[in-house]
Amino acid sequence: MAEHLFALTDDSFPDFRADDVLVKPASEAWEKAEYFALRRRVFSEEQQLLHQDKDEHDFQAIPIVALACQCGMPNAVVGAVRIYQPQPGLWYGGRLCVAADYRRHSMIGTALINEAVSRARDIGCERFLATVQQSNEDYFQRLHWRTLEHIELHGQPHAVMQVELQHYPFMPREISLLPLRARRHG
């Protein structure tokens, strides 16, 4: 009997990860709270890139989240990005991150970028830039971004990149990623 009890409490089982993910602007208070918590975990605790993740751009930014859903109901923020407009027509994206357990989910980062750029385009974006960690530069280039320059930021190499707006949106927006993922991976 003890063997069976041990098997039921063994923590070798992986944590549950929802397959169903929805990407949209954060609108609920819990979504916004988890949006900032995820950014803090990734940029301050995990990467130790930023001592304080929040900055002056957060006061005007539109937070966009990837929500893990169970039984069709969103219950956790597993991805985040922000967009903001410092001057008319010019938009920036930043603080793109995905929770560690969901980084191999496929499509979350892509869907966040698609929503961010497409939403900015919908509200008058003429030019969209982002400062990207250099290790992610190739990924962004595959999503129709071009490198403008390389810089050092917070002691790490980064690339200032500009999106080719005519390619956005390149995938559906504000829908579950589950059918898209199934179609993509057969």
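Computed quantities for the displayed model
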| read-out | value |
| --- | --- |
| Hits in segment 117-165 - residues which are of a type in the set (Lys, Arg) and in a strand (DSSP E or B) | 127, 146 |
| Residue in segment 41-53 that is on the phi < 0 side of the Ramachandran plot, basic (Lys, Arg) and without any contact (Cβ under 8 Å) to a residue 40 or more places away in the chain present | no |
| Number of positions in segment 111-126 that are open to solvent by 20 Å² or more (accessible area, probe 1.4 Å) and touching a residue at least 60 places away in the same chain (Cβ under 8 Å) | 1 |
| Residue among 49, 67 that is in contact with a His (Cβ under 7 Å, 6 or more places away or on another chain) and either outside any helix (DSSP H, G or I) or of a type in the set (Ser, Thr, Tyr) (or both) | 49 |
| Cβ-Cβ under 6 Å pairs, at least 6 apart or on other chains, segment 17-40 side over 11 Å from residue 76 (Cβ atoms) and of a type outside the set (Gly, Ala, Ser), far side open to solvent by less than 20 Å² (accessible area, probe 1.4 Å) and assigned to a helix (DSSP H, G or I) | 23/111; 23/112; 23/115 |
| Close pairs from segment 127-145: first on the phi > 0 side of the Ramachandran plot, partner of a type outside the set (S, T, N, Q) and not in a strand (DSSP E or B), Cβ under 6 Å, at least 6 apart | 144/164; 144/167 |
| Yes/no for residue 174 being acidic (Asp, Glu), assigned to a loop (DSSP other than H, G, I, E, B), open to solvent by 40 Å² or more (accessible area, probe 1.4 Å) and over 18 Å from residue 61 (Cβ atoms) | yes |
| Residue within segment 83-96 that is at pLDDT 95 or above and farther than 18 Å from residue 161 by Cβ present | yes |
| Filtered residues of segment 92-110 (kept if of a type in the set (A, V, I, L, M, F, W, C) and crowded, with 16+ Cβ neighbours inside 10 Å) | 96, 97, 98, 99, 107, 108 |
| Test set (1) without any contact (Cβ under 8 Å) to a residue 60 or more places away in the chain; (2) on the phi > 0 side of the Ramachandran plot - residue 107 fails condition number | (1) |
| Top-ranked residue in segment 30-69 [being under 13 Å from the mean Cα position of the chain (by Cα) and of a type in the set (Phe, Trp, Tyr); ranked as surrounded by the most Cβ atoms within 10 Å (Cβ to Cβ)] | 35 |
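Conditions tested, residue by residue: (1) β-branched (Val, Ile, Thr); (2) at pLDDT below 80.
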residue: 1; (1), (2): no, yes
residue: 7; (1), (2): no, yes
residue: 25; (1), (2): no, no
residue: 51; (1), (2): no, yes
residue: 55; (1), (2): no, yes
residue: 64; (1), (2): yes, no
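The values are calculated or read from the model by the stated rules, or taken from the named source; none is laboratory data. What you are looking at is a predicted structure, and each value in this text was computed from that prediction instead of being measured. Don't worry about glycine lacking a Cβ; one is built from the backbone with ideal geometry, like all the others, and counts go over all protein chains shown. Heavy atoms of the whole protein, side chains included, go into the accessibility calculation; ligands, DNA and RNA do not. Shrake-Rupley method; radii C 1.70, N 1.55, O 1.52, S 1.80 Å.
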